[in-house]
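Visitor: The following block contains the structure, expressed as structure tokens.
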Amino acid sequence: MNKELDNKAYLGMELLRFTTAGSVDDGKSTLIGRLLYDTKSIFIDQYEAIVATSKRKGDDYVNLALLTDGLRAEREQGITIDVAYRYFATPKRKFIIADTPGHIQYTRNMVTGASTANLALILVDARKGLLEQTQRHTFIAALLGISHIVFCINKMDLVDYSQEVYDEIRVEIEGFASKLDVKDIQFIPVSALIGDNVVHKLKNMNWYQGATLMYLLETIHIGSDHNHIDCRFPVQTVIRPQNNAYHDYRGYAGRIAGGIFKPGDEVLVLPSGFSSKIKSINNFERELQEAYAPMSVTIQLEDELDISRGDMIVREHNQPHMGQDIEMMICWMNQKKIVQNGKYIVRHITNEVKCVVKEINYKVNINTLHRIEEDKDIGMNDIARIRIRTTKPLLFDRYTRNRITGSLVLIDEGTNETVGAGMIL
Amino acid sequence: MISYSITHLEELEAEAIYVLREVFAQFDNAALLFSGGKDSIVVSHLARKAFWPARIPFPLLHIDTGHNFPETLTFRDSYIKKIGAELIVGSVQESIDQGRVVEEKGYNASRNVLQTVTLLDTIEKYKFDCAIGGARRDEEKARAKERFFSHRDEFGQWDPKNQRPELWNIFNGRKHHGEHFRVFPISNWTEMDIWQYIYHEKIEIPSLYFSHQRKSFERDGVIMAATEFMQLKDGEEIKVRTLRFRTIGDATCTGAIISKANTIEEIIQEVAAARTTERGTRADDKRSEAAMEDRKKEGYF
């Protein structure tokens, strides 16, 4: 942990969640190791443990990947099986890295890591340029609605820190990315091994006038990543204290999914359609003058209404879609393939309903982005466009408009496993 | 222009409260695991906030190894009274008396591993379908792979290679009869976040966390409190040291650090300057590289 952190600064810090993508040889572990090492976030006992393990396994170098490989099977096989979360802080921000493994079940893991990220870090080997897998990583990051993608052109030391090589790759990636919907794309030439342009700027690439990776991570604007326009308050649970002091209290507890709520606001409760006014918004004993995503609060209304989990508090003139036929992109996450006309359980915000898969429109070739209309065979790690019909209407927005009200998962009725991740179109 | 952003502590708090409310909504009979350590104190504080002005809708469950620091029990009892919660104690001593487990022998004997049986027995006895824990992903590398909603089979076991994918803020708590869940609302918090939150929220913690004088001895580079539960080896010498505890667990496996930190601010400065992890003082993790993973698979916290 960094010594310069003082209490007050720490209390005012923002949280940035990012995910990393790259294959084994791109130097992803080295880059993460470099970020942690140069921000003094690796502890002595952790470091000594991996030095000892590296030595025992006969490695020539200290394998920083061992920091993230937490399971016995991962260490034995030298592979990362599952998403690992790592934490570090600088005096400006706190970071959560969702580190996704390079090969096995890549799509499933990257989709999982990307689902909560503000930013995706995609590694590109300067010697190889834009590969199929870079396209795949970029496509998944865009599909999951990540607002910021940073391409780290790594191993610049192996191409003599050449500006031409960097420019060529950059143009190529820009061409590909223009087909996707991403707000903010950045490029940085780095050498994770030497530590150039990661946390510190060395003198090898004087032609590069841009920021270091760390500076970018510390300053990139994430305040507007949440939807502050469409008021959406999904009710998680109703709080009715059984004590005398709060005898008539009825509070609706939930996490704001969008928009800004204030006491006095006229609101509408869905699906019932009753209107009321916000009486108060609380975080524990503290009364709030306004509340917005991603805050968890308790709202009281002026009128006594029958509201329960699954209902949503919104504004009359800005309502979500309500319906039973839902189109989505789905990432399949289970060995058992999707079954056309099969029945699944849907979890969407605070609702759980059943559905049937009505139609499989096409599968996406995630390397080329081509639609394969004749292929309806959707298995593990595939991404497809489908339409489901639910037993009850859901209240939803498009995923691109709101990641919370626009996402859902499908669950197998028999095994209870989460089998699919859906992004509503 | 007004900036609609929140600080990282507010975001972590909002996330934890959301998770606790999901537990209440998705399970019929959940319990909150309470050890009297800082992490479980923070989780119970978050539970108070999540359901205010109602009381915490879960009983607090303490798995008591019988090898406690008296300060922990004193704190536990006064804290429970203050927040008006229900306390359930699962006793390792009882599990030993009933022959469910056998006490370890030798110098490093600890009841830490035995706790798992008591925990699972207590979960079964009270038919809990969910146990909320204060584990954090930054604590230990097996825990870094843990889900917020972590499934346990009918034997209470964790299968780390076959976990359910967890996306966005959607938590799948569906289970078959006899299975249960472990839920970890502060998964994304670091040791520093915990201390900053305790400071910010003025949360009370046991006196063991602050510097004090204590009879202690050194074993394998770790300073251990001299208690009736510990047997000295030849050459180990009891001395009075000025120390404090960075984590609090069973007295036989929790090491102390030499420290003069007497306030939360001083502790924060110490944590910020620390070059070893907090579990570096835990004898229970030093048994092998996969000590935590192995215990967790069996159903440990």
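Visitor: Suppose we look only past 22 Å in the calculated P(r) of region B:74-198. What percent of the Cα-Cα pairs does that tail hold?
Guide: Numbers: 3932 of 7750 pairs.
The proportion of pairs with Cα distances above 22 Å equals 51 percent.
Visitor: Considering only protein heavy atoms and a 1.4 Å probe, what is the carbon-and-sulfur percentage of the accessible area of chain A?
Guide: Working: 8090 of 17330 Å².
Here it works out to 47 percent.
Visitor: What order do you get for A:276-283, A:168-175 when each peptide is scored by the mean count of other beta carbon atoms within 10 Å, highest first? Don't jump to the answer; show the numbers that get you there.
Guide: Values: A:276-283: 17.4, A:168-175: 15.5.
So the peptides A:276-283, A:168-175, ranked by packing, come out A:276-283, A:168-175.
Visitor: Next question. According to the Cα gyration tensor, what semi-axes, each the square root of 5 times an eigenvalue, does the equivalent ellipsoid of region A:238-348 have, listed from largest to smallest in whole Å? Kindly include the intermediate steps, with their values, before the conclusion.
Guide: Details: eigenvalues 215, 55, 42 Å².
Gyration-tensor ellipsoid for region A:238-348: 33, 17, 15 Å.
Visitor: Provide, in order from the shortest bin, the percent of all Cα-Cα pairs of chain A in each 20 Å bin, continuing until the bin that contains the maximum pair distance.
Guide: Once binned at 20 Å, the Cα pair distances of chain A give 23, 51, 25, 1.
Visitor: Turning to a different aspect of this structure: Would you work out the Kirkwood radius for region B:100-153? I mean one over the mean of 1/r across all pairs of different Cα atoms, in Å. Kindly include the intermediate steps, with their values, before the conclusion.
Guide: On the way: mean 1/r = 0.0741 Å⁻¹.
Result for region B:100-153 stands at 13.5 Å.
Visitor: Could you state the number of Å between the C-alpha centres of region B:173-205 and region A:248-289?
Guide: The two parts, judged by their Cα centres, are 26 Å apart.
Visitor: Per-residue HN-Hα couplings for region A:41-56, Karplus 6.51 cos²θ - 1.76 cosθ + 1.60 at θ = phi - 60°, whole Hz, x for Gly and Pro?
Guide: Coupling constants for region A:41-56: 9, 9, 8, 4, 5, 5, 5, 4, 5, 6, 4, 4, 5, 4, 5, 4 Hz.
Visitor: Which lysines, if any, have their Cα less than 29 Å from the Cα of A:Lys336, not counting same-chain residues under 8 positions apart?
Guide: A:Lys354, A:Lys358, A:Lys363, A:Lys376, A:Lys392, B:Lys145, B:Lys161, B:Lys175, B:Lys296, B:Lys297
Visitor: Counting only residues 5 or more places away or on other chains, whose amide H sits under 5 Å from the amide H of A:Gly420 once H atoms are built in the peptide plane?
Guide: Here A:Met333, A:Leu410 satisfy the definition.
Visitor: Which value results when the Cα radius of gyration for region A:321-424 is divided by 2.2 N^0.38 Å?
Guide: Working: Rg = 12.8 Å, N = 104, 2.2 N^0.38 = 12.8 Å.
Dividing the Cα Rg of region A:321-424 by 2.2 N^0.38 Å gives 0.99.
Visitor: In whole Hz and in residue order, list the ³J(HN,Hα) couplings for region A:114-124 that follow from phi through the Karplus curve 6.51 cos²θ - 1.76 cosθ + 1.60, θ = phi - 60°; x for Gly and Pro.
Guide: Each residue of region A:114-124 in turn: 6, 5, 10, 8, 8, 9, 10, 9, 10, 8, 10 Hz.
Visitor: Under the definition of Cα pairs under 8 Å and six or more residues apart, what whole-number percent is the relative contact order of region B:152-301?
Guide: For region B:152-301, the relative contact order is 25 percent.
Visitor: Please build a GNM for chain B, connecting alpha carbons under 10 Å apart, and tell me which residue among B:Val19, B:Val101, B:Val42 fluctuates the most.
Guide: Looking only at B:Val19, B:Val101, B:Val42, the biggest GNM fluctuation is shown by B:Val101.
Visitor: Determine the shielding of peptide B:168-178 by partner chains: average, over its residues, the number of Cβ atoms on other chains within 10 angstrom of each Cβ. Please report the intermediate quantities before stating the final value.
Guide: Details: counts 14, 10, 12, 3, 8, 3, 10, 1, 3, 0, 0.
Across B:168-178, the average partner-chain Cβ count within 10 Å equals 6.
Visitor: Run the numbers on chain A and let me know its relative contact order in percent, using alpha-carbon pairs under 8 Å that are six or more apart.
Guide: Rounded, it is 12 percent for chain A.
Visitor: Find how much the distance from B:Glu94 to B:Asp77 grows on full extension, using 0.36 nm per residue of separation minus their present alpha carbon separation; answer in nm with one decimal. Intermediate values should be presented prior to the final figure.
Guide: Working: separation 17, 0.36 × 17 = 6.12 nm, distance 2.01 nm.
Working it through step by step, the gained length comes to 4.1 nm.
Visitor: Work out Dmax and Rg for region A:162-298 from the C-alpha atoms and quote the Rg first, both in angstrom.
Guide: 24.3, 74
Visitor: Please state, as a whole number in µm²/s, the translational diffusion coefficient that the Stokes-Einstein equation yields for the protein assembly as shown at 10 °C and 1.306 mPa s, with Rh defined as the Kirkwood radius across alpha carbon pairs.
Guide: 59 µm²/s
Visitor: Whole-Hz Karplus ³J(HN,Hα) for region A:86-91, in order, using 6.51 cos²θ - 1.76 cosθ + 1.60 and θ = phi - 60°, x for Gly and Pro?
Guide: 10, 10, 8, 9, 10, x
Visitor: Kirkwood Rh, Cα Rg: Rg to Rh for region B:170-292?
Guide: Working: Rg = 17.5 Å, Rh = 16.7 Å.
Over the Cα atoms of region B:170-292, Rg/Rh equals 1.05.
Visitor: Relative contact order of region B:206-285, please, whole-number percent, based on alpha carbon pairs below 8 angstrom and at least 6 residues apart. Can you show the working numbers first?
Guide: On the way: 126 pairs, mean separation 25.7, N = 80.
Over region B:206-285, the number comes to 32 percent.
Visitor: Indicate, rounded to the nearest 5 percent, the antiparallel portion of the DSSP beta bridges found entirely in chain A.
Guide: Working: 72 of 97 bridges.
Just about 75 percent of them are antiparallel.
Visitor: Considering amide H positions built from the backbone, and no H for Pro or chain starts, which residues 5 or more places from A:Asn367, or on another chain, come under 5 Å of its amide H?
Guide: Those qualifying (amide H under 5 Å, at least 5 residues apart or on another chain) number zero.
Visitor: Among B:177-187, A:235-245, what's the highest-first ranking by average C-beta atoms within 10 angstrom per residue? Walk me through the numbers before you get to the answer.
Guide: On the way: B:177-187: 21.6, A:235-245: 15.3.
Sorting B:177-187, A:235-245 by mean packing, highest first, produces B:177-187, A:235-245.
Visitor: Can you list the residues, at least 5 places off or on another chain, whose amide H is less than 5 Å from the amide H of B:Ser259, using H built in the peptide plane?
Guide: Distant-sequence amide H within range of B:Ser259: B:Leu243, B:Arg244.
Visitor: Compute a Gaussian network model of chain A, connecting alpha carbons closer than 10 Å, and tell me which residue from A:Arg385, A:Arg255, A:Arg286 fluctuates the most.
Guide: A:Arg286
Visitor: Where in region A:346-371 does the amide nitrogen come within less than 20 Å of the point 7 Å from the Cα of A:Gln324, taken along Cα to Cβ?
Guide: Counting only backbone N, you get A:346-360.
Visitor: Sticking with this structure for a sec: Could you tell me which residue out of A:Leu305, A:Ala142, A:Ala293 lies farthest along the dipole of the protein assembly as shown toward its positive end? Charges go on the beta carbon: Lys and Arg +1, Asp and Glu -1, centred on the Cα centre.
Guide: A:Leu305
The values are calculated or read from the model by the stated rules, or taken from the named source; none is laboratory data. In this text, all values refer to a predicted model and were calculated from it rather than measured experimentally. Quick reminder, even Gly has a Cβ in these numbers, built from the backbone with ideal geometry, and neighbours come from all protein chains shown. Heads up: the accessible areas ignore ligands, DNA and RNA and are worked out on the full protein's heavy atoms, side chains in. Shrake-Rupley method; radii C 1.70, N 1.55, O 1.52, S 1.80 Å.
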